[in-house]
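**Q** Below you'll find the structure I mean.
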Amino acid sequence: MSNKILDLSGNVPKVYNTNYTGYINERDRDFEKQMSSYKDQQQVIKRLQEQIKYFSERGMATNSSTLCNRAHALQTKLDKILENKIDRPREEKKLNIDFNKEDKGSKRVIEVKDLTVTTPNGRKILDKINLIIKAKEKVALIGNNGSGKSTFVKTIMGLQDLKIDGEVFVGPSVKIGYLPQIINFDNEKLDLLNYFKELLCIHEQKAREILARFKFGKGDVNKLVKNLSGGERIRVRLACLLEQHVNCLIFDEPTNHIDISTKEVLENAIEDFDGTVIFVSHDRYFINKLAEKCVEFKDGKIRVFEGNYDYYKQQLNNQKV
């Protein structure tokens, strides 16, 4: 768990000797303090400018050296303040993520009965697991690497090419938006703008508007999708989800390769999403903030915990006593 964070978002790098939660709180307090100082100074500058204008105009109109001298003294004071002018603190541009909420979907979104997934050499990755996920639930799939979390997700999505036994039910009105761990594109020879136009069947202006909301500037839209970084690929896929009428989101390690500001917006979007969310993650903070249910994968089996990550850890500790 990190206990030191280097923030590079401002003009001067700043070290926060705390964990991620503490960093968010301290950073927000720093921003409010800087914004307050900036606004206070702006008020002083505005007041001095108004006084200088008043005394200058009155002094010239009445030919009063006293008023003109007063204006000159105020100008000197203003000049000194401007030498130490406080810059407006920069507010990070936020991604405008708002997943469609039109159709709440089935009450029983996903159910698996005696689900078993077996490798060609006979190893059971999942062994007769049973699980029901209901509408609007936010479910974290947790466990060590190779424990079957991604296998479970791929099975639900119909992307599994291993031997599957048991039943997998997906509600008839469930519309899934999927963010895989490794993101590939059907036609990586296209540039970003044309990829969006073709995929979503939209005109150029609409495509540019969507891309701009996801921090893709004018120069970025001409990039070939095959040259996009990991973080850019995630933003592209999120932008595609934005345009889908989904009521169930499935994410496989969604916080990989994204910066902190994008992660915050993603957290808030998932938190506000009115449908079902299923996500694989090793990010304890992310799980703790969003999960209402944790499903632990271990040795081919699952255990369900009706709470967030802190609740899950507490239950594990209680079982050790």
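**Q** Which members of the stretch 129-156 meet the condition of being exposed (fewer than 15 other Cβ atoms within 10 Å of the Cβ) and in contact with a strand residue (DSSP E or B) (Cβ under 6 Å, 6 or more places away or on another chain)?
**A** N130, I132, listed by residue number.
**Q** Which members of the stretch 158-209 meet the condition of being under 23 Å from the mean Cα position of the chain (by Cα) and closer than 24 Å to K107 by Cα?
**A** The answer is K175, I176, G177, Y178, L179.
This table checks each residue for (1) within 20 Å of L211 (Cα to Cα); (2) modelled with pLDDT under 95; (3) outside any loop (DSSP other than H, G, I, E, B).
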residue	(1), (2), (3)
V139	no, no, yes
N145	no, yes, no
I182	no, yes, no
K189	yes, yes, no
L199	yes, yes, yes
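**Q** If you go through the stretch 250-259, how many residues are without any contact (Cβ under 8 Å) to a residue 40 or more places away in the chain and out of contact with any helix residue (DSSP H, G or I) (no Cβ under 8 Å at 6 or more places or on another chain)?
**A** Pass one, the stretch 250-259, residues without any contact (Cβ under 8 Å) to a residue 40 or more places away in the chain: 255, 257-259.
Within this subset, residues satisfying the condition of being out of contact with any helix residue (DSSP H, G or I) (no Cβ under 8 Å at 6 or more places or on another chain) are none.
Qualifying residue count for the region: 0.
**Q** Oh, and also: Taking I133 as the residue in question, decide whether it is assigned by TED's automatic domain parsing to the domain that holds T262, modelled with pLDDT of 95 or more, of a type in the set (V, I, T) and in contact with a Leu (Cβ under 9 Å, 6 or more places away or on another chain).
**A** No; evaluated as a whole, the condition is false for this residue.
**Q** If you check D28, D7, which single one turns out to be at pLDDT below 80 and surrounded by fewer than 12 Cβ atoms within 10 Å (Cβ to Cβ)?
**A** When all the criteria are applied, what remains is D28.
**Q** Moving on. Does N184 satisfy the condition of being loosely packed, with under 15 Cβ neighbours inside 10 Å, more than 19 Å from V246 (Cβ to Cβ) and out of contact with any His (no Cβ under 7 Å at 6 or more places or on another chain)?
**A** Yes, satisfied.
**Q** Go through the stretch 277-291 and count every residue that is over 28 Å from K124 (Cα atoms) and touching a residue at least 40 places away in the same chain (Cβ under 8 Å).
**A** Kept after step one, since they are over 28 Å from K124 (Cα atoms), are these residues of the stretch 277-291: 285-286, 288-290.
With the extra rule that they be touching a residue at least 40 places away in the same chain (Cβ under 8 Å), the set shrinks to 285, 290.
Summing the residues that are over 28 Å from K124 (Cα atoms) and touching a residue at least 40 places away in the same chain (Cβ under 8 Å) in the stretch 277-291 gives 2.
**Q** Given the options I81, I86, name the one that is touching a residue at least 12 places away in the same chain (Cβ under 8 Å) and not in a helix (DSSP H, G or I).
**A** I86
The values are calculated or read from the model by the stated rules, or taken from the named source; none is laboratory data. If you're wondering where the values come from, they're calculated on a predicted model, not measured in any experiment. Here Cβ is always computed from backbone atoms with ideal geometry, including for glycine, and neighbour counts include all displayed protein chains.
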